[in-house]
Amino acid sequence: MRFSDLFLNARQAAGRLALAALLLGPAGAWSADAAGRPDQDNADIYGRWRLAKVLDSADIAAMSDRQAKAMLGEEVLIAKDRFKIGKRTCDGPSYERSVDDLAKSFREEGHVSSVNMGLPDPVTSIDAGCTRVYLKAPGRIVVHWDGFYFDAVRKAR
C-alpha cells in the first residue's frame, strides 16, 4: 500500500463519519417525548427574552407599525411546553429546527427582505408551531410575530 492510498482511505473514512454524524444528528436526537416529537436540546432558546427592536415587516401583516412598536419591551417566554409573547400563548410548540438559505427563506416564507435582519447565512430557523424564531448570535434571536420581525435579547436570569 502506498502512502497516498493510506491518506485517501483516511479521508474517505473521515468523510463517512462526518456524513453519519450529520444524518444521525446529536446524541439523543432520535429519542422522542410523549407526543412523539424528537427530543432536542433547546438550551440556546429556552428562557425569557425581551423584544428590543422592530427589524422589518412583511407587505401584509396582522398588525400596524404602531402596534408593533408598542410591543417593544414585551417579554417572550420560550419553554419546553409553551411559547408566550406578551399575553398570547402557544401551547405544545414543536421547536423543529432547520438550516436554511437566508435570502431564499425570508423571501419565500416571510415575503420580506433579509437585509435588515442581521442574521447569519445560512440561518437556523426554529418552528415553534405558531411562529418562527431565528438564531442571531449568543443571547440574541429574531422573533417573527404577526408579520413583523423583532430583535430579541435574552433577559438576565
Take the residue pairs K80/K104; K53/K104; K84/K104; K87/K136; K104/K155; K69/K155 and return only those whose Cα atoms are more than 21 Å apart.
K80/K104; K53/K104; K84/K104; K87/K136; K104/K155
Cβ under 12 Å from A137's Cβ, A137 left aside: what net charge do those residues give with Lys, Arg +1 and Asp, Glu -1?
+1
For P122, what is the net charge nearby, where nearby means another residue's Cβ is under 11 Å from its Cβ and Lys, Arg count +1, Asp, Glu -1?
-2
For E108, the net charge from surrounding residues (Cβ-Cβ under 15 Å; K, R +1; D, E -1) works out to -3
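Mind running the shape call on segment 47-154? Use the C-alpha gyration tensor, a ≥ b ≥ c as the square roots of the eigenvalues: rounded below 1.5 for a/c, prolate if a/b tops b/c, oblate otherwise.
Working: a/c = 1.42, a/b = 1.10, b/c = 1.29.
Rounded, since a/c falls under 1.5.
Values in this text are rule-based calculations from the coordinates and carry no lab data. Owing to the predicted nature of the structure, the values given are computational and were not obtained by experimental measurement. All Cβ positions, even for glycine, are placed from backbone atoms using ideal geometry, and neighbour counts span all protein chains on display.
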